Amino acid sequence: AEVLLDRAIAIFERTRSNPRVLFQCYQTRGEISWAAGRKSEAETDLHLAMDLAEAIRSKSGGAGRERARSFSNFAEVFEIMVAWQVERQDVSKALSAIERGRARSLQDEMNLRGANIDAGRTVAEKEAAVAREDELNKKISFLESRLSVFPAPTNGQKSEVYEALVYELSLARKLLYEHDRDRRNNSPVYRNLLAVGGGTLRISQLQRRLEESRGHMLVYMIGEKGSYLVSIRSQSAELFALNLDAKLAKTLGTTKGPLTDDKMRQILMHEDKGGVLQQISDPKQPVPVDRLHALWQVLLPDSVQTQLTGAETERILIVPDGALTLLPFETLVVKTEPKPKYLLEVAAPVLYAPSATVLYNLYQRPADTTAVADRHVVTIGNPTYTNSTNNNTAHSDQIAASGTSRYGGHGPLAPLPNTGIEAQWVADIFGKVGMQVSRLLAAEATEANLRSGLGNCQMAHLACHGLVDQTYGNFFGALALTPGSGSTSKSSNDGFLTLAEVYQLDLSKCELTILSACQTNYGPQQQGEGTWAMSRGFLVAGSRRIVASNWLVDDEAAASLISYFCGGLAKPYKAGTGGATGAAETAKPALSQDYALALQASKRWIAGQDKWRHPYYWGALVLVGPE
């Protein structure tokens with residue numbers, strides 16, 4: 001086999017006629033060499049395979065979703081490299097392999113922010129592209145408005161008119177997505193900004209950052225054959241393979257052995273609705289204390305458990321993977337007796353990131369030099385929804401897999417009066433410390449008003465319905481705002497701020513975006529890319545950090561949690577924090593610098609209320625980005 005592989009590699013290296021076959025040859029020869037004990041040779045071949053996978057990705061067609069899907073076909077080689085490093089205990093090589101396969105399309109979009117993808121096109125080409133986009137958007141808005149007043153069939157009944165509207169809407173959405181994809185794919189600017197290289201982040205860089213915050217970073221890889229954890233502290237780094245013994249496997253309802261992606265999904269999201277995530281996100285279900293404790297033991301080796309709950313750790317930074325991106329680690333049960341003790345209660349604040357590279361880049365983003373006096377807060381709440389019902393339990397809705405909108409088969413959106421109270425609380429909190437606040441309530445809570453209010457915005461707070469679309473990488477997922485005038489003919493103000501539109505916002509001055517809506521950190525899963533969630537769009541738009549939700553949120557509890565959180569943030573800068581632009585501005589109002597600690601305090605307060613003790617009420621909202 002090796003002789004044939006040597007010949008094949010020689011041919012394909014010379015001709016470069018089939019890079020995918022060459023990739024397979026490198027990987028196979030590397031695995032043979034490893035099994036034969038020639039480990040240095042094996043690693044050399046595997047590195048060549050990884051380099052080739054990245055080169056193929058940079059030349060693959062489509063937008064981020066298509067490239068991520070194509071890149072996932074090469075995921076095995078990155079997992080193999082990490083598995084090998086467990087044996088050799090080379091933490092640096094393991095982290096490099098993980099990061100090279102992680103959140104690459106998100107990094108592309110962040111690199112693209114502010115770039116003109118139409119550069120180089122003729123005026124006629126630009127006008128034609130804009131005209132086609134407007135045409136499709138108008139058609140979608142029109143069909144959505146028709147469906148908003150058209151009753152969905154019930155009790156197995158059929159309606160040819162309704163089904164025709166749903167079909168037309170699905171087709172129009174498909175055409176709009178393909179138009180956006182092709183516009184990007186055919187742009188030399190877009191293609192030149194693709195993240196070709198990866199894995200340049202060094203452990204020493206992370207450790208210097210962790211030393212400042214006394215933080216502990218946990219980087220996970222959840223693979224098809226096994227799962228791994230890189231544990232990084234300021235003075236040390238360790239690499240672990242994650243396994244289930246017979247007792248833990250029984251508790252979690254799976255089989256013993258290596259923890260795999262399939263097992264992780266089975267544990268968290270079982271087909272009978274009895275998964276751990278399904279239970280903690282439903283207040284009507286009992287808290288699965290034993291299984292949350294078992295997950296604590298599986299995901300965190302004993303030495304790491306001791307470090308996380310010790311006084312030396314002041315921040316816990318989680319870089320999850322696979323289905324693990326949906327699990328708030330604060331809900332893990334550290335002790336079961338005499339009563340459950342959650343990680344929230346006994347450890348440092350927790351924050352999350354799509355990748356260690358993305359988190360490090362957010363840390364390194366240049367400080368905003370805008371004068372403190374010119375910074376302000378924008379808050380949106382209680383949007384006016386046409387054809388509303390009186391149901392008011394959770395501010396969410398989910399778009400069906402068919403691609404129909406919030407009205408397409410799901411009926412009208414419920415009014416959310418508590419979000420108006422929440423927005424008013426936020427406005428009052430920051431107003432009392434002297435910050436400028438733009439209140440966008442009820443009829444004023446439109447897309448157009450939001451866009452106009454974002455200039456020099458230091459914090460944006462949006463309390464509304466969240467819509468998740470499981471098709472096209474959540475391209476049509478949205479935050480539901482108040483429709484503006486002429487909403488059926490102007491999609492940019494139709495009341496649905498889609499993920500695609502969020503990418504185009506300018507949040508370059510924004511330190512924090514609070515998405516107080518359901519499932520804003522949830523969406524379609526993509527191996528190596530994480531979750532296509534609304535929170536992702538706000539990172540791309542420039543916000544340094546996001547507070548977003550992993551599941552449906554309770555209207556009243558969310559309002560109380562967010563107001564408590566903002567109360568912890570609405571403080572003047574203190575000298576030496578690095579937040580103010582000069583000594584003269586030290587006492588002027590602005591956001592506190594301790595976002596993670598403020599969120600933890602608010603979640604602990606909610607969890608301390610008897611009626612909100614269940615993790616459903618406090619577990620959903622997480623901080624994505626630096627503390």
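Derivation of every value follows stated rules applied to the coordinates shown; laboratory data play no part. Treat the numbers as computed from the prediction; the structure is a model and nothing was measured. Glycine also receives a Cβ, built like all others from the backbone with ideal geometry; neighbour counts cover every protein chain displayed.
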Glu556 and Val21 label points (each 7 Å along its Cα→Cβ direction) are spaced in nm at 6.7
Convex hull over the Cα atoms of region 64-208, averaged projected area in nm²?
-> 14.4
In units of 2.2 N^0.38 Å, what is the alpha-carbon radius of gyration of region 444-527?
-> 1.09
Computed helical MRE - 222 nm, the chain, DSSP H runs ≥ 4 contributing -39500 (n - 2.57), nearest 500 = -13500 deg cm²/dmol
The chain - share of DSSP beta bridges that are antiparallel (%, nearest 5) = 50
P(r) weight above 21 Å for region 206-269, C-alpha pairs, percent = 37
Which pairs, out of Lys138/Lys174; Lys59/Lys263; Lys284/Lys335; Lys225/Lys603; Lys341/Lys571, put more than 26 Å between their alpha-carbon atoms?
-> Lys59/Lys263; Lys225/Lys603; Lys341/Lys571
At R0 = 35 Å, FRET efficiency that the Cβ-Cβ distance of Ala10 and Val189 yields, to 0.05 | 0.40
May I ask you to derive the FRET efficiency for Lys39 and Glu224 from their Cβ-Cβ distance with R0 = 25 Å, giving the value to the nearest 0.05?
-> 0.65
Here the Cα Rg-to-2.2 N^0.38 Å ratio for region 196-327 is 1.13
Using every alpha carbon pair in the chain, what percent of pairs falls into each 20 Å bin from 0 up to the bin containing the largest distance?
-> 19, 52, 27, 2
When you count, for each residue, the other Cβ atoms within 10 Å and take the mean per peptide, how do 179-185, 376-382 rank with the highest first?
-> 376-382, 179-185
re region 281-358: pairs of Cα atoms spaced beyond 16 Å account for a percent value of 54
Ordered by packing density, taken as the mean number of other Cβ atoms within 10 Å over each peptide's residues, highest first, how do 289-295, 139-145, 333-339, 519-525 rank?
-> 519-525, 139-145, 289-295, 333-339
Using +1 on the beta carbon of Lys and Arg, -1 on that of Asp and Glu, and nothing else charged, what's the dipole of region 73-123 about the Cα centre, debye to 20?
-> 160
Which FRET efficiency, nearest 0.05, do His179 and Ala443 yield, Cβ-Cβ r, R0 35 Å?
-> 0.65
Packing-based order for 437-448, 53-64, 5-16, using average beta carbon neighbours within 10 Å, highest first = 437-448, 53-64, 5-16
Projected onto the charge dipole of the chain (unit charges on the beta-carbon of Lys, Arg, Asp and Glu, signs +1, +1, -1, -1), the Cα from Cys457, Gly274, Trp551 with the largest positive-side position is that of Cys457
